[in-house]
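Rule-based calculations on the coordinates, nothing more; no lab input. The structure presented is a predicted model; accordingly, all values stated were derived computationally and were not measured. Methodologically, a virtual Cβ is constructed for each residue, glycine included, from the backbone with ideal geometry; neighbour enumeration extends over all protein chains shown.
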Amino acid sequence: MSGRLHARGTERVHKNVWLEFARLAADYKAVNLGQGFPDFSPPEFVQDAFCKAVSGGHQMHQYTRPFGHPPLVHILAKFFGRIVGREIDPLEDVLVTVGAYQALFCAFQALIEEGDEVIIVEPFFDCYQPMVKKAGGKPVYVPLRPVSGDGSAVPSSGDWVLSPEELASKFTPRTKAVVINTPNNPLGKVYKTEELQVIADLCIKHDVLCISDEVYEWLTYDGNKHVKIAGLPGMWERTVTIGSAGKTFSATGWKVGWAIGSEQIIQRLKAMHQMSVFDCATAAQEAVARGFEREYELFGTPESYFQQLPAMLHQKREKLASCLGGAGLQPVMPEGGYFMIADTSSVTVDFSDFMSTDDEPHDFRFVKWLIKEKGLATIPVSAFYSPEHRKDFDKYIRFCFIKEDSTLDAADDILRTFSQRQ
Ligand code: PMP
Ligand code: GLN
């Protein structure tokens, strides 16, 4: 097809890591600790709210307010206003989107222009890069680096840190935004206030935006607390905070997400939303609104799902870490989120009869081998890095642990045989 017949940035759909590895996992009927989604149902209170919504009369089956169903934007504003300690205007400062994906897409399209530089902290959720590029921006990468201890402690995502000097060196007069993700996918790092303050100070100094992807905000362990960068002094007016009901209520298929920020920023995102999706599914928003209303009342109590889900996941995290340790795959303990990365370097695999191209990163080969030969699906971590830094991190693979114990047991059975053969 001649170049005139298509637009820049649309040629690479076949390279998408999720498509590739979801397909392989299905083809090989692998135990699936790959793509991140629960293999159990959302809590009953949101399921009931959804059922009630769809049987509750004609309005729930028709369009709602384009920028967000009124009960949902009201409770989101109330909930997040309480956390950041400021009044959030439900009609001006909140936009409901088709999952966090569309919030990210609207943010990049609405805020990034041709030639703008966007600093992305690695490892990063893979869609940031093509989204920035499609908007005409130039991604500039800065990796979190593991600081090595004395080798006695279990490696933790908290050991992975940004160098303030390296980060500062990435700012130029063309820098428009910094993108962070806390708790981080795939690493599980939960940024501490001091770390966020370094980023915030640089954003303020250089007058740039911060796009903060906080979809795993309720999932933290070992007393780590999620902190919103938008709540730091001087950051509200320059931060877009992105969230997802998929992660919040274990309902990834509902595809309800949001962006919260100052009216000046959110109105730009609204313009994009209006040009593209215009309106999101009414009943799903209604159910998410009811879920948040319940959580608002129960906040901080043992009945709150925002307490119960991380408590349940904490046990799953321990279980997976011990399986991986036993198989010689050294895990990095995540402080948050529902993924765990593990170091494959002590495992030698003979890839010689294995169909893979020579230039494929080690973790891609390893994951393919694990799916095809062992029936266990995971995700290669170098997919979360820029081409410049991919090679430095291709010894890690990512496991998802928001799975039934029976699924984790099936993975354990595979990992046990695997370790015996080494
Ligand atoms: N950001 C991160 C870090 C994610 O892991 C995901 C999961 N897909 C998303 C955004 C997108 O979320 P959603 O499913 O709500 O579109
Ligand atoms: N966020 C999920 C993950 O990281 C799903 C990604 C996707 O489907 N694109 O696994």
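Springs between alpha-carbon pairs under 10 angstrom, Gaussian network model over the chain: which of Glu195, Glu217, Glu360 fluctuates most?
Glu360
So for segment 322-395, taking the charge dipole from beta-carbon charges (+1 Lys/Arg, -1 Asp/Glu), which of Thr348, Phe366, Met333 sits furthest toward the positive end?
Met333
Report Rg (one decimal) and Dmax (nearest whole number) for segment 175-247, counting Cα atoms only, units Å.
11.9, 35
Give a quick list of trypsin sites (Lys or Arg not before Pro) in segment 198-271 that DSSP marks as loop, anything other than H, G, I, E or B, with at most 11 other Cβ atoms within 10 Å. Walk me through the intermediate numbers first.
Numbers: sites: Lys205, Lys225, Lys228, Arg238, Lys247, Lys255, Arg268, Lys270; in loops: Lys225, Lys228, Lys255.
Filter output for segment 198-271: Lys225.
Would you calculate a helix-derived [θ] at 222 nm for the chain, using -39,500 (n - 2.57) for each DSSP H run of n ≥ 4 and dividing by the full residue count, to the nearest 500?
-12000 deg cm²/dmol
For segment 74-185, what number of Lys pairs, 8 or more residues apart or on separate chains, have alpha-carbon atoms under 18 Å from each other?
Qualifying lysine pairs in segment 74-185: 5.
Can you work out the Karplus-derived ³J(HN,Hα) for every residue in segment 296-302? Use 6.51 cos²θ - 1.76 cosθ + 1.60 with θ = phi - 60°, whole Hz, and x for glycine or proline.
4, 5, 9, 3, x, 9, x
What fraction, in whole percent, of alpha-carbon pairs in segment 56-107 exceed 16 Å separation?
50 percent
What's the long-distance tail for segment 310-422, i.e. % of Cα pairs beyond 22 Å?
30 percent
Which percent of the Cα-Cα distances in the chain go past 38 Å?
20 percent
For segment 245-258, take each phi angle, set θ = phi - 60°, evaluate the Karplus expression 6.51 cos²θ - 1.76 cosθ + 1.60, and give the result in whole Hz per residue in order, putting x for glycine and proline.
Values, residue by residue: 6, x, 7, 5, 10, 6, 9, 5, x, 6, 6, 10, x, 7 Hz.
If you fit an axis through the alpha-carbon atoms of helix 99-111 and take the longest principal axis of the Cα set of the chain, what angle between them do you get, 0 to 90°, nearest 10?
70 degrees
To one decimal place, what Kirkwood hydrodynamic radius in Å is obtained for segment 202-299 from all pairs of distinct Cα atoms?
Here the Kirkwood hydrodynamic radius works out to 15.2 Å.
Per residue and in cubic angstrom, what volume does the convex hull of the Cα atoms of segment 78-214 have?
So the per-residue hull volume is 130 Å³.
In Å, what Rg and Dmax follow from the Cα atoms of segment 244-284?
11.7, 31
Would you give the gap between the C-alpha center of segment 119-144 and the C-alpha center of segment 227-275, rounded to a whole Å?
Cα centres, segment 119-144 to segment 227-275: 18 Å.
Amide H to amide H under 5 Å from Val161: which residues, 5+ apart in sequence or cross-chain, H placed 1.01 Å off N in plane?
Residues meeting the criterion, in which the H sits 1.01 Å from N, are Arg145, Val147.
Using Cα-only point scatterers and the Debye equation, what is log10 of I(q)/I(0) for segment 360-422 at each q in 0.24, 0.26 Å⁻¹, rounded to two decimals?
Debye curve over Cα of segment 360-422, log10 I(q)/I(0) at q = 0.24, 0.26 Å⁻¹: -1.01, -1.09.
With axes computed from alpha carbons, what is the tilt in degrees of helix 17-27 against the longest principal axis of the chain, rounded to the nearest 10 within 0 to 90?
Its long axis makes an angle of about 60 degrees.
Relative contact order, percent, of the chain when contacts are C-alpha pairs under 8 Å separated by at least 6 residues?
Details: 803 pairs, mean separation 99.0, N = 422.
After rounding, I find 23 percent.
Sequence-distant or interchain residues sharing an amide H contact under 5 Å with Ser156, placed H: which?
Met333
Angle, helix 193-206 long axis vs. longest principal axis of the chain, Cα atoms, 0 to 90°, nearest 10?
For 193-206 against the chain, the angle is about 60 degrees.
What is the Cα radius of gyration of segment 304-345 over 2.2 N^0.38 Å, N being its residue count?
1.25
Could you work out the Rg to Rh ratio of segment 5-146, with Rh taken as the Kirkwood radius (inverse of the mean 1/r over all Cα pairs)?
1.02
Taking the inverse of the average 1/r across all pairs of different Cα atoms in segment 156-212, what Kirkwood radius in Å do you get? It would help to have the intermediate numbers written out before the result.
Numbers: mean 1/r = 0.0838 Å⁻¹.
Computed over segment 156-212, the radius equals 11.9 Å.
Nothing charged except the Cβ atoms of Lys and Arg (+1) and of Asp and Glu (-1): what's the magnitude of the dipole of the chain about its Cα centre? Round to the nearest 20 debye.
Roughly 720 debye, rounded to the nearest 20.
Count charges around Leu324 for me, please; just the other residues with Cβ under 12 Å from its Cβ, Lys/Arg as +1, Asp/Glu as -1.
+1
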